[in-house]
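The values are calculated or read from the model by the stated rules, or taken from the named source; none is laboratory data. Just so it is clear, the model here is predicted, and its values are computed rather than measured. We place every Cβ from the backbone using ideal geometry, glycine too, and count neighbours over all the protein chains shown. What goes into the accessible areas is simple: the full protein's heavy atoms, side chains included, and nothing from ligands, DNA or RNA. Shrake-Rupley method; radii C 1.70, N 1.55, O 1.52, S 1.80 Å.
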Amino acid sequence: MVDDTPELFSTPAPLAARMRPRTLEEFAGQQHLLAPGRALGDAIRRGDVGSAILWGPPGTGKTSLAHLMARYTGRAFIAFSAVTEGVQRVREVIKEAEERRRLGRGTILFCDEIHRFNRAQQDAFLPHVERGTITLVGATTENPSFSLNAALLSRCQVFVLTPLGPPEIEALVRSALGDTDRGLGSLGLQLDDDAIGWLSVQADGDARRALTALEAAAQQAGAGRRITLADTAEAFARRVPRYDQSGEEHFNLLSAYHKSLRGSDPQGALYWMARMLEGGEDPLVLFRRAIAMAAEDVGLADPQALPLAVAAREAFRQLGPPEGYLPLAEMTIYLATAPKSNSVVKALGAALALARDTPAEPVPVHLRNAPTRLMKELGYGAEYRYAHDYPGHFVKQDYLPEPLRGRELYSPGDLGYEKKVAERMAWWKSRSEE
């Protein structure tokens, strides 16, 4: 008996590779780059593209876009991985490109993970990009301003690709299900609408992730079967948030956490906190940022914020995860909902600036210490007034050098505890005027 059931994997290429767009019209997303009237899209349609860096998260179409650049320009497409290949392979590619150029055809050298090349290795591309031997198209998930050297970056246009939205992911999934040529159409599969919706969200804007999960679910279900939400979830396995503890996304999420705290939004602060924890971030990194935020953005509006943040860190060290996440969350909510003031930041900045501008101002004589007889004879400390000897433990006295008297470095805010500070300072000022 011959089994005529269609083979799920009739080609060794995975579904995500088989479904690469063959035209710009098939390309999902990135319309800010490829729509008519946009520089990159119009250049590709004209068949006239220069060296470029494609920067974006995984699964947003960087490799597919490089393939289309080669197809529309009629140039040879040479794939190169900065992870597995080195400068020797670059030399081989350049030699082939020079021969190809003599025959009248150009070469697009696609360097995946170009940020993995160190700066010296990146220099290997420079003379050949300048001479036009190759058109370099680099793909990176890292901020190129940090990971690429300035010389190479100045010779390339940088195009930023963004994660695909759920509607774009859903369209790709439906296309792969119905495509009998490259996709899964010959298998007669049905995918429940709720499964498609779930997959479109869980993919995190990554088309490759979505198509890989779809392929796994189809393999599990078999030809002619119905794929449910449970099947899709099982194939997808545990969703791992996109997070790189040493790359730009680390700093982006940490920045979002801090700014949510400063902006008095506990919902946002808790979300970004959880995103970092789920991504495997060391919780002590969040505590360090929160302690700094307590001094910078809450300050004297709530003097308890800083000791609470420090205490929460110590509680985490004693408890460890997962119980230690509770003081982290408590601290996050407290800081987000505390009154805010940056008066301490301003005061520190003003004081440092004034100290730099007046580095040699002498200490007023009445404020000087007089541990020796000679110093006492010179009048050191003679006119100093001891504040506790006066009503209210305050007496008018100058504490700045004479040229700086009257300068105000600290001005209290009008929220929280600083209201009391402002009242106290106003009372001292009135006593001085009396």
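For the stretch 294-327, name all the residues that are over 30 Å from Lys420 (Cα atoms) and outside any helix (DSSP H, G or I).
Matches in the stretch 294-327: Gly320, Pro321, Pro322, Glu323, Gly324.
Return a yes/no flag: does the stretch 364-383 have any residue that is over 20 Å from Glu296 (Cβ atoms) and of a type in the set (Val, Ile, Thr).
Taking the stretch 364-383 as the starting set, the residues that turn out to be over 20 Å from Glu296 (Cβ atoms) are 364-383.
Restricting the remaining residues to those that are of a type in the set (Val, Ile, Thr) gives 365, 372.
Checked against the condition, which is being over 20 Å from Glu296 (Cβ atoms) and of a type in the set (Val, Ile, Thr), the stretch 364-383 yields at least one hit.
Evaluate the stretch 396-411: report whether one residue or more is modelled with pLDDT under 85 and more than 26 Å from Val345 (Cα to Cα).
Scanning the stretch 396-411, I find no residue that is modelled with pLDDT under 85 and more than 26 Å from Val345 (Cα to Cα), so the answer is no.
Within the stretch 124-165, can you find the residues that are over 26 Å from Gln31 (Cα atoms), β-branched (Val, Ile, Thr), out of contact with any His (no Cβ under 7 Å at 6 or more places or on another chain) and open to solvent by less than 10 Å² (accessible area, probe 1.4 Å)?
Residue satisfying the conditions is Thr133 alone.
Going through the stretch 317-332 one residue at a time, which ones are within 11 Å of Leu277 (Cβ to Cβ), surrounded by 13 or more Cβ atoms within 10 Å (Cβ to Cβ) and not hydroxyl-bearing (Ser, Thr, Tyr)?
Answer for the stretch 317-332, where residues must be within 11 Å of Leu277 (Cβ to Cβ), surrounded by 13 or more Cβ atoms within 10 Å (Cβ to Cβ) and not hydroxyl-bearing (Ser, Thr, Tyr): Gly324, Leu328, Ala329.
Quick grid of which residues meet (1) at positive phi; (2) in a strand (DSSP E or B); (3) at pLDDT below 90:
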| site | (1), (2), (3) |
| --- | --- |
| Pro12 | no, no, yes |
| Gly29 | yes, no, yes |
| Leu33 | no, no, no |
| Pro36 | no, no, no |
| Asp48 | no, no, yes |
| Ile53 | no, yes, no |
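Between residues in the stretch 219-239 that are farther than 13 Å from Leu191 by Cβ and residues that are at pLDDT below 80 and of a type outside the set (A, V, I, L, M), which pairs lie under 7 Å by C-beta distance while being six or more apart or on different chains?
Short answer, once both residue conditions are applied: Ala223/Thr5; Ala223/Pro6.
For the stretch 95-123, what are the residues that are buried (at least 20 other Cβ atoms within 10 Å of the Cβ), assigned to a helix (DSSP H, G or I) and either in contact with a helix residue (DSSP H, G or I) (Cβ under 7 Å, 6 or more places away or on another chain) or among the hydroxyl-bearing types (Ser, Thr, Tyr) (or both)? Outline the logic, then answer.
Step one: list which residues in the stretch 95-123 are buried (at least 20 other Cβ atoms within 10 Å of the Cβ), which gives 97, 107-112, 114-115, 117, 122.
Next, from what is left, pick out any that are assigned to a helix (DSSP H, G or I): 97, 114-115, 122.
His115, Gln122 - these are the residues of the stretch 95-123 that are buried (at least 20 other Cβ atoms within 10 Å of the Cβ), assigned to a helix (DSSP H, G or I) and either in contact with a helix residue (DSSP H, G or I) (Cβ under 7 Å, 6 or more places away or on another chain) or among the hydroxyl-bearing types (Ser, Thr, Tyr) (or both).
Under the condition of being modelled with pLDDT of 90 or more and not in a helix (DSSP H, G or I), which residue from the stretch 261-292 is nearest to Pro307 (Cα to Cα)?
Only one residue fits best here, namely Ser264.
Tally the residues that are assigned to a loop (DSSP other than H, G, I, E, B) and more than 20 Å from Gln397 (Cβ to Cβ), restricting the search to the stretch 363-383. Lay out the reasoning, then the answer.
Applying the first criterion (assigned to a loop (DSSP other than H, G, I, E, B)) to the stretch 363-383 yields 363-364, 368-372, 378-383.
If we keep only those that are more than 20 Å from Gln397 (Cβ to Cβ) too, we end up with 371-372.
Counting residues in the stretch 363-383 that are assigned to a loop (DSSP other than H, G, I, E, B) and more than 20 Å from Gln397 (Cβ to Cβ) gives 2.
Residues checked against (1) at positive phi; (2) of a type outside the set (A, V, I, L, M, F, W, C); (3) surrounded by 10 or more Cβ atoms within 10 Å (Cβ to Cβ); (4) not in a helix (DSSP H, G or I):
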residue	(1), (2), (3), (4)
Lys340	no, yes, yes, yes
Val345	no, no, yes, no
Ala353	no, no, yes, no
Pro359	no, yes, no, yes
Gly413	no, yes, yes, yes
Ala422	no, no, yes, no
